[in-house]
Amino acid sequence: MASELQLRVNEKMVAVTASPETPLLYVLTDDLALQGPRFGCGLGQCGCCSVLADGVEIRSCITPVSKVAGKSITTLEGLPGYYAKRMKLKTAPELHPLQEAMIEEQAVQCGYCYNGQIIKGAELLFRNPQPTEPQIRSAMNGHLCRCGTYPRILLAIQRASKKVAAHA
Amino acid sequence: MPEKEKRPGLPRRNFLKATGSLVAGFSAADTLSAQTAGTDNGARGTVSGPPDEAEVDSYIAIHPDNTVTIFSGYVELGQGGPTALRQIAAEELDLDFDQVATVRNDTFMCTNGATYASMTVAVGGTKLRAAAAEARRVLLTMASERLKTPVEALIVARGIVSVKGGAQQSVTYGDLLGGKAFNQKFEPVSYRAVGVEVPRTNPNNAPQKARAEYKIAGSRVARFDIPDKVSGKYTYMQHVRVPGMLHGRIVWPRGQGAYGMSLPKVIGIDEESIRDIPGVRIVRRGNFVGVAAERQWDAVRAAKSLKVTWETFAPLPGSDGLHDHFRAAKTKDLVVANAGDFDAVWLDREGPRQAAHIASGTYIGPYQSHGTMAPNCAIADVKEDGALVMCSDQAIYQARTGLAQILGLPAAKIRVQYYPGSNTFGSSCYGEATQAAAIMSKELGKPVRVQFSREDEFGWDNYGPAHLADLRGAVDADGKIVAFEYQAWGHGSPATTTASQLALGAAAASSDPDGGGLFQLRLSQNDMYDIPNRRLIDHRIPGKGYMRIGALRAPLDPPYFFAQESMMDELAWMARLDPYEFHKRNISHPRWLGVLKAATDAAKWTPRVSASNLSGAKIVVGRGIGIGTHHLPVNQGDRITFAAAVAEVEVNKDNGAVSAKHIWGAIDCGLAVNPAIVESQIVGMSIHGTSLALKEEVRFDHAHVTSLDWNTYQTLRFGEHPAVTPIVVQRIDERSSGAGEEVLPAVVAAIGNAVFDATGVRMHQFPMTPARVLAAMEAARSLSGSRRAGEI
């Protein structure tokens with residue numbers, strides 16, 4: 001049965017009405033009209049739907065909304081603000097350094113998987129501001145890209161890492 | 001405009017009302033801006049297209065603020081085409097890139113384009129350039145009158161026309177024609193078939209800018225879609241929601257069966273099976289079954305839970321038995337090419353033609369999926385007198401034709417708008433999703449959003465074609481090819497969507513009942529080599545009884561070039577020649593040689609006979625060469641793109657795993673309007689090609705497809721990707737010929753040849769999975785063992 005749930009999404013408290021087992025993805029896309037997380041497989045296999053829950057990347061398509069009550073959810077839209085908070089910056093930048101680096105490398109093609117690529121890459125850079133190439137490859141291995149842009153995502157993470165390391 | 005209101009289409013008032021009530025939030029602004037852009041031409045946005053291609057207004061509108069909108073009909077599929085179109089228009093009109101805007105592709109707004117077959121720049125760009133040249137001439141004529149100065153004495157920059165040497169005298173395009181129509185007819189560029197350019201004949205056509213003067217076309221402009229894509233502001237079809245909409249899901253069997261023999265037939269639907277999910281509506285039309293609900297999760301659950309009993313499917317050969325089945329099939333055999341006398345050389349090897357070495361081999365490739373990241377999605381709002389449909393179809397006017405059949409409405413009463421999905425690379429399930437949404441909206445009387453599941457998308461895809469080929473070749477003592485034969489087996493493609501078959505009972509039709517169509521063997525794919533005795537035979541299998549196939553990026557080319565280039569590599573090895581040297585000895589066309597040189601130079605290729613450096617180590621390294629194109633003469637005439645690739649791989653001889661380490665891909669696509677975007681395409685094709693070569697295969701049992709998710713359909717993962725070095729061979733004076741497909745087959749071929757170099761074992765089947773590589777190494781060992789035994 002549907003019930004009212006309180007969620008913290010991009011640093012704001014929101015109330016939604018949904019049955020507790022509803023995957024978080026459908027709440028984010030249908031009730032909150034967010035465009036970062038998106039449907040890719042509904043099976044947790046591809047990473048299109050990724051969000052951060054207390055800074056940890058999760059697959060919103062297989063996470064029941066009730067499981068994230070009390071956690072702080074960050075979507076692609078809220079990533080610059082969350083970055084500012086984590087890095088203790090005075091003002092939130094317009095874009096996370098990895099979002100900027102994706103533009104600078106002209107990495108994106110269709111961009112559908114980039115929600116997950118950026119969320120996962122950002123998670124990695126919080127944890128490890130200067131990852132080695134094998135560490136990047138290992139961290140990103142669960143995020144599929146069918147346009148074949150992996151080489152440029154790798155370059156963008158390396159580029160962003162310089163900026164993140166300077167902030168850290 | 002009383003005349004225009006009499007034209008067919010939704011009456012203007014109703015149309016605006018329909019749009020206002022249907023398009024919510026972000027998309028309203030978008031649609032409104034498109035309508036504003038259309039104010040120069042009263043008809044645009046209010047009547048059904050496509051507009052007349054012989055009118056400048058159909059392509060270009062000038063706004064009072066001295067900006068321009070183009071209505072090209074070509075869409076963003078992720079490959080940056082619209083950025084290149086804006087460059088072409090800006091260049092020809094002497095505007096800056098940021099003064100040119102595009103609009104959403106819409107059958108009430110745009111010319112009739114189709115974003116496939118690498119046509120955006122090659123065809124759409126050529127048409128647009130001609131229209132822009134006409135537009136510029138009209139504007140300069142007007143400026144000449146306004147400034148009382150002959151046209152020859154005028155110069156244009158950023159859309160400001162001024163008098164040479166007198167900068168104080170100037171007028172902008174916006175001042176001259178902002179918000180008004182050109183009302184200018186001209187001879188447009190037209191095409192036979194899909195894309196064979198017809199020469200223009202009118203001597204009064206506006207001259208186009210000399211290529212040597214290009215500043216924006218040919219430059220590395222950043223793609224305008226990327227900032228919104230990284231921030232989450234970009235609206236994909238999957239994001240669009242409209243008021244009053246229901247969430248729909250199809251309920252079809254899990255995975256397709258044999259096309260034309262296994263049309264799903266409903267035996268029964270157990271409505272009780274979803275009784276615990278409130279408010280779900282079941283849609284049934286013929287054998288089409290779907291569910292819809294206000295909450296998306298309810299629709300998802302209902303689609304999973306609804307018990308539908310289907311008639312058992314007819315038997316399929318199974319993916320492992322497929323190619324034997326092809327060979328045994330009754331075929332229609334066509335000799336596609338027959339130059340010289342292949343048999344004379346082959347049968348008389350001691351004779352005057354002196355074949356020093358001969359080789360033969362069978363090569364096979366699997367069905368492969370479009371594998372869209374985003375399963376397809378569409379929204380339809382069907383009313384009695386018209387419909388608005390939002391979808392990700394590559395060709396919205398073709399989509400409209402299909403919808404008209406489904407809905408029984410005149411095409412002009414259906415407005416189709418394009419919203420981007422993810423990569424599609426050809427005919428993925430966008431047509432199925434679009435028609436499914438229309439069927440369900442019509443039945444339910446409400447707007448319906450249909451989102452395919454991952455399983456729907458894989459299960460009902462039109463796969464890239466499976467292929468079987470027997471090759472024979474002979475070289476002389478100098479390594480010149482003296483005879484070459486390619487015999488191919490493949491089947492045709494369906495012409496009917498599954499949605500229309502289910503809903504209307506439409507007969508399963510094939511686009512070519514004898515097989516072939518897009519998937520026929522092509523003369524052009526072999527004639528880059530100078531071969532005196534050459535024969536290509538196409539064994540065409542009727543399409544029924546196999547999987548649905550369709551156009552998947554460079555259709556048929558990956559298996560074709562895998563076979564052709566493996567055979568060339570084999571012949572080079574037999575002639576004890578370095579494979580690049582072998583290509584140079586047998587190819588004289590300068591543009592093919594150009595891409596081969598570009599790729600091998602970048603890879604610092606050092607001449608060496610393949611497999612001449614074998615090692616006893618567990619991990620061995622090899623490198624290989626391949627060439628590729630995508631060329632269908634019936635579609636493209638003599639417009640050809642040339643591509644070559646070098647691959648470096650590691651092979652683990654213990655477990656058979658092949659790891660691609662580096663791909664160097666070179667392309668000559670004539671004028672590359674944006675070389676940076678073409679480089680990005682080479683990177684994408686190199687990774688996609690690696691994935692096709694090593695991982696991707698649609699599996700099926702004796703009834704259904706069984707590759708239904710990312711575990712059962714493998715794709716190259718982040719941790720497995722090779723480095724890629726892209727090289728664009730810029731030829732500014734040549735026609736732009738397309739850059740989205742051609743490197744792909746070259747990469748598949750180069751990887752196979754690199755595995756041979758590393759191991760001395762020739763792979764005859766892809767994907768080159770660890771099991772297949774191990775089996776091939778084992779077979780080679782036992783063969784050489786028996787040879788040794790024979791010698792003793």
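The values are calculated or read from the model by the stated rules, or taken from the named source; none is laboratory data. Not measured: the values here are computed from a predicted model. Using ideal geometry, Cβ is built from the backbone for each residue, glycine included, and neighbour counts are taken over all protein chains shown.
Quick notes
- Selection of helices (runs of 4 or more DSSP H) fully inside region B:222-328 by the criterion of at least 2 residues being within 27 Å of B:C377 (Cβ to Cβ) returns B:226-231, B:296-305.
- Scanning region A:75-113 for residues that are within 12 Å of chain B (Cβ to nearest Cβ) and part of a loop (DSSP other than H, G, I, E, B) yields a count of 14.
- Residue in region B:122-129 that is closer than 19 Å to B:S680 by Cβ, more than 15 Å from the chain's Cα centre (by Cα) and in contact (Cβ under 8 Å) with a residue 60 or more places away in the chain present: yes
- Residue in region B:485-496 that is β-branched (V, I, T), buried (at least 19 other Cβ atoms within 10 Å of the Cβ) and either touching a residue at least 24 places away in the same chain (Cβ under 8 Å) or not in a loop (DSSP other than H, G, I, E, B) (or both) present: no
- Residue, surrounded by the fewest Cβ atoms within 10 Å (Cβ to Cβ), within region A:2-36, restricted to residues that are within 11 Å of chain B (Cβ to nearest Cβ) and on the phi > 0 side of the Ramachandran plot: A:A33
- Residue list for region B:500-516, filter: assigned to a loop (DSSP other than H, G, I, E, B) and either more than 27 Å from the chain's Cα centre (by Cα) or under 23 Å from B:K265 (Cβ atoms) (or both): B:G505, B:A506, B:A507, B:A508, B:A509, B:P513
- Cβ pairs under 9 Å, 6+ apart, first in region B:570-585 and farther than 18 Å from B:T759 by Cβ and at pLDDT 95 or above, second in a helix (DSSP H, G or I) and among the polar types (S, T, N, Q): B:L571/B:N586; B:Y580/B:T600
- In the set (1) buried (at least 24 other Cβ atoms within 10 Å of the Cβ); (2) at the interface with chain A (Cβ under 10 Å from one of its Cβ atoms); (3) not small (G, A, S), the condition left unmet by B:E720 is number (1).
- The residue list A:N128, A:N115 contains one member that is in contact with a Gly (Cβ under 8 Å, 6 or more places away or on another chain) and of a type outside the set (K, R), which is A:N115.
- Residue that is surrounded by the most Cβ atoms within 10 Å (Cβ to Cβ) [pool: residues in region B:391-432 that are more than 16 Å from B:G550 (Cα to Cα) and within 14 Å of chain A (Cβ to nearest Cβ)]: B:S422
- For region B:460-471, the criterion of being in contact (Cβ under 8 Å) with a residue 40 or more places away in the chain, within 14 Å of chain A (Cβ to nearest Cβ) and buried (at least 23 other Cβ atoms within 10 Å of the Cβ) is met by at least one residue.
- The set of residues in region B:166-186 being touching a Ser or Thr at 6+ places or on another chain (Cβ under 7 Å) and part of a loop (DSSP other than H, G, I, E, B) consists of B:G179 alone.
- Scanning region B:511-555 for residues that are surrounded by fewer than 21 Cβ atoms within 10 Å (Cβ to Cβ) and within 22 Å of B:A404 (Cβ to Cβ) turns up just one, B:S511.
- Among all residues of region B:407-421, there is at least one that is touching a residue at least 12 places away in the same chain (Cβ under 8 Å), assigned to a helix (DSSP H, G or I) and within 24 Å of B:V194 (Cα to Cα).
- Considering (1) modelled with pLDDT under 95; (2) in a strand (DSSP E or B); (3) not aromatic (F, W, Y), the lone condition that B:I640 does not fulfil carries the number (2).
- Residue among B:A84, B:A101 that is within 14 Å of another protein chain (Cβ to nearest Cβ) and either modelled with pLDDT of 95 or more or surrounded by fewer than 24 Cβ atoms within 10 Å (Cβ to Cβ) (or both): B:A84
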